């Protein structure tokens, strides 16, 4: 698991890296699909940034998963 | 029959500018989207967006703004070279954060959040710098036994050259604070390398 978010940010854990890799997508491809910079995908995967609800939904849709399959409040 | 023809002609004449406007709007939108996408992904500025480059650009900016600025103020020389240097550094700073402060829509939600945080931090930083300058001025005034404010007529501490230097400094200070506040953290070394990363 990557670096922990700063204390003033809400903790949201994710399995994005594993799911994206399984889907055979690069960060850039996923970034293009959800209209963000590829770096942002990296920040999310390393738990350095918690995405907005809209972005989380877009990511889930691009990976054909439900939001809760990717993001969770508890570390799995 | 003739009236019908006239009406349809009028309609066509009226519709033409509307159609032209729509085409122009669509072209402008498409150009903006292409331009913004280019800014987001262009590899031209890759040398300036990584962390070491941001540290270097920020250090150079701080030295030019405060160090060289103070020298220009004291010696009353090199203001043109200093201003050109600041302008070049302003472009380098903008490129190193992928123009998120300059082009509306070029930032995604992470960058927008970071940008908003940088603006807030920059605001308090400017206050801190202003207070420091005033305190240093007051200290200098008390050390030399001169009043800080009341000698504009006879005392040439703020002549035209220095007033101009002060104005350039103020503009540069406000311009650069948001870049300082954006932080040193940049992107990985090359976008190409990152594109290949699958895990």
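The values are calculated or read from the model by the stated rules, or taken from the named source; none is laboratory data. Bear in mind the structure is a predicted one, so any value in this text is a computation, not a measurement. No Cβ is skipped: glycine too gets one built from the backbone with ideal geometry, and neighbour counts run over all protein chains shown.
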Can you go through A:27, A:15 and tell me which one is at pLDDT 85 or above, within 13 Å of chain B (Cβ to nearest Cβ) and in contact with a strand residue (DSSP E or B) (Cβ under 9 Å, 6 or more places away or on another chain)?
A:15
Could you please find all residues in segment A:58-76 being assigned to a helix (DSSP H, G or I), in contact with a strand residue (DSSP E or B) (Cβ under 9 Å, 6 or more places away or on another chain) and farther than 15 Å from residue B:109 by Cα?
A:60, A:70
Could you check how many residues of segment A:12-71 are within 8 Å of the chain's Cα centre (by Cα) and in contact (Cβ under 8 Å) with a residue 60 or more places away in the chain?
1
Scan segment B:60-76 and give yes if some residue there is closer than 23 Å to residue B:176 by Cβ, in a helix (DSSP H, G or I) and within 14 Å of chain A (Cβ to nearest Cβ), otherwise no.
no
Got a number for residues in segment A:30-43 being at the interface with chain B (Cβ under 8 Å from one of its Cβ atoms) and surrounded by 18 or more Cβ atoms within 10 Å (Cβ to Cβ)?
7
So how many residues does segment B:141-167 have that are more than 30 Å from residue B:87 (Cα to Cα), at pLDDT 60 or above and surrounded by 11 or more Cβ atoms within 10 Å (Cβ to Cβ)?
3
Tell me which residues, restricted to segment B:66-122, are touching a residue at least 12 places away in the same chain (Cβ under 8 Å) and at positive phi.
B:76, B:98, B:99, B:105
If you scan segment B:168-199, which residues turn out to be within 14 Å of chain A (Cβ to nearest Cβ) and modelled with pLDDT of 90 or more?
B:182
All but one of (1) modelled with pLDDT of 90 or more; (2) assigned to a helix (DSSP H, G or I); (3) more than 8 Å from chain B (Cβ to nearest Cβ) hold for residue A:55; state the number of the condition that does not hold.
(3)
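Yes or no, residue by residue, for (1) modelled with pLDDT of 85 or more; (2) farther than 30 Å from residue A:29 by Cα; (3) outside the structural domain of residue B:169 (by TED's automatic domain parsing):
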residue: B:5; (1), (2), (3): no, yes, yes
residue: B:16; (1), (2), (3): no, yes, yes
residue: B:29; (1), (2), (3): no, no, yes
residue: B:34; (1), (2), (3): no, no, yes
residue: B:52; (1), (2), (3): yes, no, no
residue: B:73; (1), (2), (3): yes, yes, no
